[in-house]
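What follows is a short report on a single structure.
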Amino acid sequence: MPNTGLTGKVVIVTGANHGIGAAIAIAFAQEGAHVLITYYRSAAEAYGDISEQEIAEATEPGRVLYCKMQTQTADHVVEAIEELGGSCIAIESDLADTANIPMLFNRAETQFGPVDILVNNAAYGKCDTFIPETELPEDPVFVDEFPIHTIALESHDAHFAVNSRAVSLMIAEYAKRYLSRKGITGRIINISTDGAYCHPSAVSYGASKLAMESFSRAAATELGPYGITVNVISPGAVQTGWIPSRIVEQIEQTYPLRRVGRPEDIANAVIFLASEQADWITSQVLHVGGGNRM
């Protein structure tokens, strides 16, 4: 295996108490990096109609299991990394609160040293549409389980606060500290979605991710002269507990590689873009989705 050059690097991975973020954090630890992960247990409010007993007993992929995964702490991720001999700290932090952003960098610097790699993975995602409530079918759902509502101020702003604004401010904070210490090589990797260009039934989620991609291209252009690469990974459907099994079977028949993604598929791509092997790659959107988007 090639030497990725990640041993001893300090990494921040946002949204890492389950799924893609957890897989990314563990992958960095396997490469010898020191990792700070963030998470925010917001799903309890978003899925208030699901009982605590339903969440506790959930085992099958779908809305309830996804709520269970979103409402857990990141303790199990820290434990997994420590079992590998790695070092990791987890901080529960709402990235919609902009005051938390410098705090995360302060904690990483205090614990491990200056941040070398930033992975913006945290996301807010709820289904909304331009179709008026009066025209929607009774109890409309996405992939048979997730409620859909007409776009409103609250849904629009909640998505952009985390998926776009927080990412841009995390990048700005990283760049400020990198330049102040006269860094030589830096990496920023942002996680989008292959539905960013157009995402019916999740219009705010898709648009906020597309805005993040625009921020990423601008950051790559402006920060490139300082040795910082900025890239985006655009995943296809990844089974992080949210896709019901019957829907997985339908999706798989439409993907050239005939399977949905695993969190490790995205983590592998992140490690590559963070590695020395990707030293001359920047301002790219890498589609990691089994050929779903070309």
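Taking chymotrypsin sites (Phe, Trp or Tyr not before Pro) across the stretch 176-251, the ones in a DSSP loop with at most 16 further Cβ atoms lying within 10 angstrom of their Cβ are Tyr197.
Report the semi-axes of the equivalent ellipsoid for the stretch 1-95 in whole Å, largest first, where each axis is √(5λ) for an eigenvalue λ of the Cα gyration tensor. Mind showing how you got there, number by number?
Numbers: eigenvalues 168, 34, 21 Å².
Semi-axes from the Cα gyration tensor: 29, 13, 10 Å.
If you take the Cα centroid of the stretch 132-156 and the Cα centroid of the stretch 24-38, the two points sit 37 Å apart.
Restricting the calculation to alpha carbons of the stretch 136-221 gives Rg and Dmax of 16.4, 58 angstrom.
If the Kirkwood radius is taken over C-alpha pairs of the stretch 211-294, then at 10 °C and 1.306 mPa s the Stokes-Einstein diffusion coefficient equals 112 µm²/s.
Taking the DSSP beta bridges in the stretch 139-294 as the whole, what percent of them are antiparallel, to the nearest 5?
On the way: 2 of 13 bridges.
Looking only at bridges with both residues in the stretch 139-294, the antiparallel portion is about 15 percent.
Backbone phi angles across the stretch 167-178, fed through the Karplus curve with coefficients 6.51, -1.76 and 1.60 (θ = phi - 60°), yield HN-Hα couplings of 4, 5, 6, 5, 4, 4, 5, 4, 4, 4, 6, 4 Hz in residue order; Gly and Pro are listed as x. The reciprocal of the average 1/r between distinct C-alpha atoms defines the Kirkwood hydrodynamic radius, which for the chain equals 19.5 Å.
What is the antiparallel percent of DSSP beta bridges lying wholly in the chain, to the nearest 5? Don't skip to the end; give the middle numbers.
Numbers: 2 of 33 bridges.
Here the antiparallel bridges make up roughly 5 percent for the chain.
Once the stretch 147-294 is represented by equal point scatterers at the alpha-carbon sites, with solvent omitted, what log10 I(q)/I(0) does the Debye formula produce at q = 0.17 Å⁻¹? These q points yield log10 I(q)/I(0) values of -1.02. If you wrap the Cα atoms of the stretch 53-187 in a convex hull and average its projected area over all directions, you get 11.4 nm². Multiplying the residue separation of Ala99 and Glu145 by 0.36 nm and removing their Cα-Cα distance gives an extension gain of 13.1 nm. Amide H contacts for Ser87 (H built 1.01 Å from N in the peptide plane; partners 5 or more residues away or on another chain; cut-off under 5 Å): Val35. Under 5 Å between amide hydrogens, which residues at least 5 positions from His287 or on another chain qualify, with H placed 1.01 Å from N in the peptide plane? The list, which skips near neighbours in sequence, is Ser234. Globularity index of the stretch 54-111 is 1.44 (Cα radius of gyration / 2.2 N^0.38 Å, N = number of residues). Which one, Ala58, Ala269, Ala16, has the greatest fluctuation when you compute a Gaussian network model over the chain with C-alpha springs under 10 angstrom? Looking only at Ala58, Ala269, Ala16, the largest GNM fluctuation is found for Ala58.
Report the charge-dipole magnitude of the chain in Debye, nearest 20, computed about the Cα centre from +1 at each Lys and Arg Cβ and -1 at each Asp and Glu Cβ. All intermediate terms of the calculation are to be shown ahead of the outcome.
Working: 19 positive and 35 negative charges, 270 e Å.
It works out to roughly 1300 debye.
Of all beta bridges that DSSP places with both ends in the stretch 7-162, some 10 percent have antiparallel geometry.
Taking 22 Å as the straight-line reach from the Cα of Lys68, the lysines in range (excluding those fewer than 8 positions away in the same chain) are Lys126. Among the trypsin sites (Lys or Arg not before Pro) in the stretch 170-244, those placed in a DSSP loop whose Cβ has at most 14 other Cβ atoms within 10 Å are Arg181, Lys182. Amide H to amide H, with H built 1.01 Å from N, Ile228 comes under 5 Å of Gly186, counting only residues 5 or more places away or on other chains.
Any read-out appearing in this document is the output of simple, stated calculations on the displayed coordinates, not a laboratory observation. The structure presented is a predicted model; accordingly, all values stated were derived computationally and were not measured. Positions of Cβ are generated from backbone atoms using ideal geometry, with glycine treated the same way; all protein chains shown enter the neighbour counts.
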